[in-house]
Amino acid sequence: MSGIMRAFTFLLVHSMSTLADKQDLSGKMFTFPVQTDKAHVILVPNQSKTLTAVTVCLRFFSDQSRAQSLFSFATPTNPNALLLFKRENSVYEVDQGNQDTVLFWGLEDKRNEWNSLCATWNSATGITQLWVNGKSSVRKGLRRGGDISGVPSVILGQDQDTYGGKFDRGQSFTGMVTDLHMWDSVLPYPEIALYMNHIPLKNDGNVISWKSLEYTAKDYVLVEDMESYL
């Protein structure tokens with residue numbers, strides 16, 4: 001099947017299955033209760049264009065020390081167009097392809113507590129950086145001069161090894177996720193600091209916004225009120 005046909009099929013399937021209206025998920029969370037290769041959430045971006053800079057922020061809560069996927073953004077030609085992945089022992093991985101990977105050490109997350117994570121990438125410089133619970137990583141180079149193009153498939157709960165699928169149970173996320181936003185630019189540090197401190201930002205994500213989210217939950221995934229359970 002050609003790339004055009006794959007993109008058309010993906011759009012057709014997801015346009016039939018996604019929710020018609022965007023929802024404000026403020027104060028809510030996605031709960032992934034079990035380790036599985038089926039449960040996931042499909043997110044529909046507010047825009048689909050070539051990206052030369054990105055910021056992704058989210059909060060996660062898990063009791064797992066094993067490796068697990070936090071955010072998977074695929075295109076028809078690249079299943080790891082942008083992958084945020086937590087390896088064992090709090091080693092974080094940012095991927096933009098099988099040969100384009102950087103690792104970050106020393107950013108300790110907390111088990112059985114909420115963790116705030118932001119990741120940025122700028123094509124012009126290649127600089128990629130992470131923040132976890134307010135602590136910043138070293139700045140590393142990743143695909144300087146590259147871009148992210150093609151119809152996106154954005155998934156929470158699983159790592160896409162092919163466009164929209166081929167999930168691995170051992171890489172699935174178990175726990176809760178909330179407050180996800182994605183921008184088509186690198187947020188300045190003062191904005192990231194606000195996010196880390198749970199202070200409302202001036203502008204929500206313009207690619208994906210938790211306050212205006214179109215999504216489809218597949219298999220055993222719950223949408224829950226955070227105040228009722230924590």
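Tell me the label-point distance for the pair Arg139, Asn89, using the 7 Å Cα-to-Cβ offset, in nm and rounded to one decimal. Reported label-point gap for Arg139 and Asn89 is 2.8 nm.
Checking every one of the GluC sites (Glu not before Pro) in region 44-114 against DSSP loop status and a limit of 14 other Cβ atoms within 10 Å picks out Glu108, Glu113. Per-residue Karplus couplings for region 126-136, computed as 6.51 cos²θ - 1.76 cosθ + 1.60 with θ equal to phi - 60°, are listed in order as x, 6, 10, 8, 10, 10, 10, 6, x, 8, 8 Hz, Gly and Pro entered as x.
Within straight-line reach of Lys202, meaning a Cα separation under 17 Å, sit the following lysines at least 8 residues removed in sequence or on another chain: Lys211. Net charge in the neighbourhood of Asn203 (other residues with Cβ under 12 Å of its Cβ; Lys, Arg +1, Asp, Glu -1) is -1. Computed 3J(HN,Hα) for region 159-166, one whole-Hz value per residue from the Karplus formula 6.51 cos²θ - 1.76 cosθ + 1.60 where θ = phi - 60°, is 9, 7, 8, 9, 4, x, x, 6, glycine and proline marked x. One chain, two ends: Lys218 and Gln47. Fully extended at 0.36 nm per residue, the span grows by 59.3 nm beyond their Cα-Cα distance. Modelled label positions at Arg111 and Asn197, each set 7 Å beyond Cα in the direction of Cβ, lie 3.1 nm from each other.
Within the same chain, aspartates and glutamates fewer than 8 places from Lys86 are excluded, and of the rest, those with a Cα less than 19 Å from its Cα are Asp37, Asp63, Asp95, Asp100, Glu108, Asp109, Glu113, Asp159, Asp161, Asp168, Asp179. Annotation: amide H-H contacts under 5 Å for Leu213 (H modelled 1.01 Å from N, sequence separation of 5 or more, or interchain): Gln23, Asp24, Leu25. Lys49: net charge of surrounding residues, Cβ under 11 Å, Lys/Arg +1, Asp/Glu -1, itself excluded? Around Lys49, the charge tally is -2.
Only the Cβ atoms of Lys and Arg (+1) and of Asp and Glu (-1) were treated as charged; on that basis the dipole of the chain about its Cα centre amounts to roughly 440 debye.
Counting only aspartates and glutamates at least 8 places from Lys22 when in the same chain, those with an alpha carbon closer than 13 Å to its own are Glu214.
When shorter helices are ignored and each DSSP H run of at least 4 residues is given -39500 (n - 2.57), the per-residue value for the chain at 222 nm works out to -3500 deg cm²/dmol.
Since every read-out is calculated from the coordinates, none of them should be taken as a lab result. Computed from a prediction, not measured in an experiment: that's the story for all the values here. Reconstructed Cβ throughout: ideal geometry from the backbone, glycine too, with neighbour counts over all protein chains shown.
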